[in-house]
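The values are calculated or read from the model by the stated rules, or taken from the named source; none is laboratory data. Because the structure is a prediction, the values reported are computed rather than measured. Cβ placement follows ideal geometry from the backbone for every residue including glycine, while neighbour counts extend to all protein chains displayed. We work out accessible area using only protein heavy atoms, side chains counted, and drop any ligands, DNA or RNA first. Shrake-Rupley method; radii C 1.70, N 1.55, O 1.52, S 1.80 Å.
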Amino acid sequence: MTTATTVTPLATYRNRTPYPFCPGCGHGAILDHLNAALVKLALDPRHVVIVSDIGCSGLSDQYFATSAFHGLHGRSITYATGIKLARPDLKVIVVMGDGGTGIGGAHLLGAARRNIGITVLVFNNFNFGMTGGQHSTTTPPGAVTTTTPGGNLERPLDICATVAVNGAGYVWRGTSFDKDLAERIADAVRAECFALLDIWELCTAYFVPSNHASKKTLATTLDDLGLKGGLLERGEHPEYAAAYRAEAERVRGKPVAGPRAIEPAFRSTLDRPFRLVVAGSAGGKVRSAARLVAEAAMLADLWVAQRDDYPITVKTGHSISERVLSPREVRYTGISRPDVLLAVSEEGLAKCARQLAAMNAGDRVYVLAGIEPPPTRAQVTTIDPASAELKLGGGRVVLFALSQVLRDLGFLPLVALEAAARRYPEYAEENLATIRAALAVAR
Amino acid sequence: MRELIDGSAAIVRGALDAGCDFFAGYPITPASPILMQLLRELPKVGGVAIQAEDEIASIGMCIGATLAGRRALTATSGPGLSLYSENIGLAIMGEVPLVIVDVQRLGPATGGATTVGQGDVQFVRWGTGGGYPVIALAPSNVQECYSLTRRAFDLAERFRCPVFLLTDKELDMTATTVEIERYERPPVRAREVLAGVARSAAGAADASVAIADPPPYRYEPADRVSPVAQYGGDTLVRFTGSTHDERALITKAPAKVAALNEHLRAKIEEHADEIELVESDLDAGARTLFVAYGVTAGALREAVDRLRHEGRAVSALIVKSLWPVPERALRTALLDVDRVVVAELNHGQYRREIERLAQGLEVRGVNRVDGELITPEELMEAAR
Ligand SMILES: Cc1ncc(C[n+]2csc(CCOP(=O)(O)OP(=O)(O)O)c2C)c(N)n1
Ligand code: SF4
Ligand SMILES: [Mg+2]
């Protein structure tokens, strides 16, 4: 993928286009330091991706002769993460405003928690420059902006503390005036972890005039808020892209899940689509027993549709399994009128009221002993698990009942059901015993 | 040989066979099975799969990874698709090959998480600002969940754009018997990658050289699709979601803006015939044409069979490429009928497209929004 090159350190990673920022705007100063950092690092510019957010700071990437990505407001960290996960060898540097840290707060947290190896430079000028000086998540209390005319009432986000406490490997706070900013940026890039630099600076168009802000007030604001500057966190937790690869190595080359073929070995006498509904409750093994019926049908050369319905809270409530068995391909998978409805719980039966109402004289309803047979035109048969010669645990009742239903129906050989049961060795013995118990009961 | 398989597993297998090596997603019923399976399978083949912090991050990571050389997939349902919206625009604008699975559930809002619906048909078409064309495929059974996933990856590369695979709860979570030999395996083309012109890294510091050569996009002729400039290769790569020229530099110059936007339209709309995919089952004597797509097509196939068994002449058109609208096939199908019946699990979203083409004909819908499937019987009734 990568082309090996001997890199000649560049004199500059800037191109010749002048910055577009207002006079005195801190953005240009930070970018000069970023350039100096890249020169120090002597990186192949093709292996450096500057991912810019949206805002005046988001314009930055156009002035660099590196690779660049300019996406959506607040989402720069997500693109950077995707790039780093795909190509961990690349140096990915995010340039975002304080605005971006607000709208993209969830990504800031996600990236910190993963400690993904990207460098984030926050161009923190305490307001939205590009859209006209509105307040941001970092606007200090009382500060006047175009959307806090009476002074800001919100508490500012402590970006550094937030990412530091959530796993960021490298956290630093300073200003665009710091002489060592280039060295700091270079250090952060070298750190190969989630590195965030909260760089305070001045928006000369908006924040400066409305708040008499200056290089000096940056320092006093820091004190007023009780915040600290300098290197605030240097953790050694594993970096995500590397950790993911190490983890993936353990399964690398293992076969991916392929088809689990079912070879027909039996014959069925079924000559039309047949619709079976099993109505029960969570924990009753409705789905797994009905699955055996579906696989038995396929072993008997039938085509199947298998649909299960249960509440999102899976361990409680109804569990309905619908199976369409057919001598030809099942094109329509719905069941509005079952040929057979097996009710193993009142709750399941209640859920199938509409299907039950649609059933006719030729159709059959099976209920477990103890369930009130519903008023229906269909023929009702009661199945009594107590008639089994062995004691059935709750989880075996459905298979017991289904075996009896299949015996009654006669179109699917029960050897096919037994063969289906053998496909799951872990449960085979118990399931085979259950099927045999069902068949031992006199009709 | 046969297997019992649901649409989710078929999509996952289709993606793996298409060379998908990146997935990012956020859990949502009924799309979560795709996320969980790919989280397990992708590391085995050297791919990367991640559960992101939300849907915005999911598609964002996919876009970043694609430009760094990956073939990416993401999967969600209506609520998550809403969060994809802005990034869908970014993928259109930056011409990012990407496959997006929308496993539809009943909406609006949280709607019915485990309830079938086809309410996102116009949403995928118009789901981001600007109004530019997208491609959307709709498998009509589990077998096609496999083949159309492959096709989606191919089209994404061919046209450098997001391609939607529009499925639904019923297709993805209901298992059916599939004849393994019958899976269609449409070819998936390799990505065309922009090659650099030999030059020293030192030269890259020169703006005119670094940025102008080679340009990552070409808009002349308008339908031309350029190779993808990928990070970490032998070129500098510029990418932007802002209106840009062929060098990916932001511009407002009307002629350049027009060239870009015309290109985004023309590359897809002028090649609609290449994308068109339908199943036409036309009967010369039929007065009625049925149109359906997705899971509803299953009921239609069944109804057509039964109607013909009763000696009735009917025609059916199953649309598998929903966007762009397969107008050529539809116009042919509309030629000799008096009446069109469009069946869908919404209030008639695709019917609008048919009405546009069927001027002068009677067009009616069979629609359900109660979370149940349209039955073959309802369609047979509509034929009378
Ligand atoms: C989703 C979205 N909402 C709003 C905007 C409008 N917008 C553009 S830049 C910006 C704020 C930029 O502020 P900041 O990130 O602090 O950057 P600065 O301009 O101060 O450098 C906003 C809200 C947008 N581009 N996208
Ligand atoms: S508006 Fe503010 S942030 Fe934007 S360029 Fe001007 S000074 Fe800088
Ligand atoms: Mg700002």
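How would you rank B:253-259, B:125-131, A:348-354, highest first, on the average number of other Cβ atoms within 10 Å across their residues?
A:348-354, B:125-131, B:253-259
Specify which residue in the list B:L4, B:L106, B:L38 is farthest towards the positive end of the charge dipole of chain B, using unit charges on the beta carbon of Lys, Arg (+1) and Asp, Glu (-1), about the Cα centre.
With unit charges placed on the Cβ atoms, the residue in question is B:L38.
Quote the relative contact order of the stretch B:2-182 in percent (integer), defining contacts as alpha-carbon pairs under 8 Å separated by 6+ residues. Present the calculation step by step, with values, prior to reporting the outcome.
Details: 405 pairs, mean separation 55.5, N = 181.
Averaging sequence separation for qualifying contacts and normalising by length gives 31 percent for the stretch B:2-182.
At 1.4 Å probe size, with the rest of the protein present, what percent of the exposed accessible area of chain A is carbon and sulfur atoms?
The computed percentage sits at 55.
Ignoring ligands, DNA and RNA, what accessible area per residue does chain B give at 1.4 Å, in Å²?
For chain B, the solvent-accessible area averages 32 Å² per residue.
Could you tell me which residue out of B:N367, B:L357, B:L322 lies farthest along the dipole of the stretch B:276-382 toward its positive end? Charges go on the beta carbon: Lys and Arg +1, Asp and Glu -1, centred on the Cα centre.
Checking the options against the dipole of the stretch B:276-382, the answer is B:L357.
Determine the total buried accessible area between chain A and chain B, counting protein heavy atoms only with a 1.4 Å probe; round to the nearest 100 Å².
Buried surface at the A/B interface: approximately 6500 Å².
If you restrict to DSSP beta bridges whose two residues both lie in the protein assembly as shown, what percentage is antiparallel, to the nearest 5? Don't skip to the end; give the middle numbers.
Numbers: 38 of 115 bridges.
Rounded to the nearest five, the antiparallel share is 35 percent.
Kindly report, to the nearest 10 Å², the accessible surface of B:C20 as traced by a 1.4 Å probe over protein heavy atoms only.
0
Once the Cα atoms of the stretch B:2-182 are picked out, what are the Rg and Dmax in Å?
14.6, 45
How far is the Cα center of the stretch A:29-86 from the Cα center of the stretch A:394-443, in Å?
Going from one Cα centre to the other spans 64 Å.
For the ranges A:264-271, A:120-127, A:55-62, what's the packing order if you count other beta-carbon atoms within 10 Å of each residue, average per peptide, and put the highest first?
Those peptides, ordered most packed to least, come out A:120-127, A:55-62, A:264-271.
For the stretch B:90-204, give the share of DSSP beta bridges that are antiparallel, in percent and rounded to the nearest 5; count only bridges with both residues there.
10
For the stretch B:283-349 and the stretch B:77-122, what is the centre-to-centre distance using only Cα atoms, to the nearest Å?
25
What is the percent carbon and sulfur in the accessible area of chain B, measuring with a 1.4 Å probe over the protein chains and ignoring ligands?
51
Kindly state, to the nearest 0.05, the FRET efficiency for A:D32 paired with A:R422, given R0 = 51 Å and r defined as their beta-carbon distance.
Numbers: r = 73 Å, r/R0 = 1.44.
E(calc), rounded to 0.05, equals 0.10.
Taking chain B as a Gaussian network, where each spring joins two C-alpha atoms under 10 Å apart, which residue of B:V188, B:V99, B:V45 fluctuates the most?
Top of the fluctuation ranking is B:V45.
Going through the DSSP H helices of chain B, which span 18 Å or more along their own axis at the Cα atoms while scoring at least 0.5 as a mean Kyte-Doolittle hydropathy?
Length and hydropathy pass: B:55-67, B:78-94.
Would you mind calculating the relative contact order of chain A from Cα pairs under 8 angstrom and at least 6 residues apart, reporting the percent as a whole number?
Over chain A, the number comes to 10 percent.
Non-local amide H neighbours of A:W303 (under 5 Å, H modeled in plane, Pro and chain starts lacking H): which ones?
Counting only residues 5 or more places away or on other chains, the set is A:S326, A:R328.
From the Cα trace of chain B, what convex hull volume per residue do you get, rounded to a whole Å³?
144
Please check chain B for the longest run free of GluC sites (Glu not before Pro) that are loop-located per DSSP (anything but H, G, I, E, B) and have at most 16 other Cβ atoms within 10 Å.
Longest site-free region, per DSSP loop and neighbour criteria: B:1-183.
With no solvent and one point on each alpha carbon, what is the Debye value of log10 I(q)/I(0) for chain A at q = 0.09, 0.12, 0.14 Å⁻¹?
-0.70, -0.84, -1.09
If I ignore ligands, DNA and RNA and count only protein heavy atoms, how much of A:H237 is accessible to a 1.4 Å probe, in Å² to the nearest 10?
80
Please state the relative contact order of the stretch A:74-226 as a whole percent: Cα pairs under 8 Å, 6+ residues apart?
23
Given the options B:I135, B:I88, B:I180, state which has the largest fluctuation in a GNM of chain B using a 10 Å cut-off (strictly under) for Cα springs.
Ranking B:I135, B:I88, B:I180 by mean-square fluctuation puts B:I180 first.
For A:R155 and B:V369, what is the calculated FRET efficiency with R₀ set at 56 Å and r taken between the beta-carbons, to the nearest 0.05? Walk me through the numbers on the way to the answer.
Details: r = 46 Å, r/R0 = 0.81.
That pair, A:R155 with B:V369, gives E of 0.80.
In peptide A:254-262, how many Cβ atoms from other protein chains are near each Cβ within 10 Å, on average?
Across A:254-262, the average partner-chain Cβ count within 10 Å equals 6.
What is the mean number of Cβ atoms from other protein chains located within 10 Å of the Cβ atom of each residue in peptide B:5-13, rounded to a whole number?
Shielding by partners across B:5-13 averages 2.
Normalise the Cα radius of gyration of the stretch A:227-341 by 2.2 N^0.38 Å (N = residues in it) and let me know the number.
Here the Cα radius of gyration is 1.80 times the empirical estimate.
Please compute the Cα-Cα pair-distance distribution of the stretch A:274-440 with 10 Å bins starting at 0, giving whole percents from short to long.
In order of increasing distance, the bins hold 11, 42, 38, 8, 0 percent.
Based on the Cβ-Cβ distance from A:T381 to A:E247, what FRET efficiency comes out when R0 is 56 Å, to the nearest 0.05?
0.55
Pick from B:T167, B:T288, B:T74: which residue has the top mean-square fluctuation in a GNM of chain B where Cα pairs under 10 Å get a spring?
Fluctuation is largest for B:T288.
How big is the dipole moment of the stretch A:274-440 about its Cα centre under a simple scheme where the beta carbon of each Lys and Arg is +1, that of each Asp and Glu is -1, and everything else is neutral? Debye, nearest 20, please.
300
Using alpha-carbon positions, what is the distance between the centroids of the stretch A:170-221 and the stretch B:41-72, in Å?
So the separation of the two Cα centres works out to 32 Å.
Name the residue farthest towards the positive end of the dipole of the protein assembly as shown from the options A:L41, A:P23, B:A286, assuming +1 on Cβ of Lys and Arg, -1 on Cβ of Asp and Glu, about the Cα centre.
Among A:L41, A:P23, B:A286, the one farthest towards the positive end of the dipole of the protein assembly as shown is A:L41.
Give me Rg over Rh for the stretch B:276-382, both radii from the alpha carbons and Rh done the Kirkwood way, two decimal places.
Rounded to two decimals, Rg over Rh is 0.92.
Taking every residue in B:234-245, how many Cβ atoms of other protein chains lie within 10 Å of its Cβ, on average? Please list the in-between numbers first.
Working: counts 4, 3, 9, 6, 8, 9, 8, 8, 6, 0, 2, 0.
If you average over the peptide's residues, the count of other-chain Cβ atoms is 5.
Mind listing the phi-derived Karplus ³J(HN,Hα) values for the stretch A:121-131, rounded to whole Hz, using 6.51, -1.76 and 1.60 with θ = phi - 60°, and x for any glycine or proline?
Residue by residue, the stretch A:121-131 yields 9, 8, 7, 9, 10, 6, 6, 7, x, 4, 9 Hz.
Assuming 0.36 nm per residue, please report the length gained on full extension of the stretch B:S82 to B:D336 beyond their Cα-Cα distance.
On the way: separation 254, 0.36 × 254 = 91.44 nm, distance 3.99 nm.
Here the answer is 87.4 nm.
What residues of the stretch A:52-74 lose no less than 40 Å² of accessible area with every protein chain in place versus their chain by itself (probe 1.4 Å, heavy atoms only)?
A:Q62, A:A65, A:S67, A:A68, A:F69, A:H70, A:L72
What is the distance, in nm, between label points placed 7 Å from the Cα along the Cα-to-Cβ direction at A:T17 and at B:L249?
Label at A:T17, label at B:L249, 0.6 nm between them.
If you wrap the protein assembly as shown's Cα atoms in a convex hull and average its projection over all directions, what's the area in nm²?
39.0
Just how many % of Cα pairs in the stretch A:1-141 lie over 23 Å apart, if you round to the nearest whole percent?
Tail of the P(r) past 23 Å holds 34 percent of the pairs.
What is the total of Lys pairs in chain A with C-alpha atoms under 25 Å apart, excluding same-chain pairs fewer than 8 positions apart?
Value for chain A: 15.
Which order do the peptides A:112-118, A:91-97 come out in when sorted by mean C-beta neighbours inside 10 angstrom, highest first?
Listed from highest to lowest mean packing, they are A:91-97, A:112-118.
Charges at C-beta only: +1 for Lys and Arg, -1 for Asp and Glu. How large is the resulting dipole of the protein assembly as shown about its Cα centre, in Debye rounded to 20?
It works out to roughly 620 debye.
Per residue of the stretch B:240-249, in order, report the coupling 6.51 cos²θ - 1.76 cosθ + 1.60 (Karplus, θ = phi - 60°) as ³J(HN,Hα) in whole Hz, putting x for Gly and Pro.
Working through the residues one at a time gives 8, x, 8, 4, 9, 8, 5, 8, 6, 9 Hz.
Just to check I understand the Karplus step: with θ = phi - 60° and J = 6.51 cos²θ - 1.76 cosθ + 1.60, what whole-Hz values come out for the stretch A:170-177, glycine and proline as x?
Result, rounded to whole Hz: 8, 9, 9, 10, x, 10, 5, 8.
Give the angle, between 0 and 90 degrees and rounded to the nearest 10, that separates the Cα long axis of helix A:286-299 from the longest principal axis of the Cα atoms of chain A.
Long axis of A:286-299 versus the principal axis of chain A: about 70 degrees.
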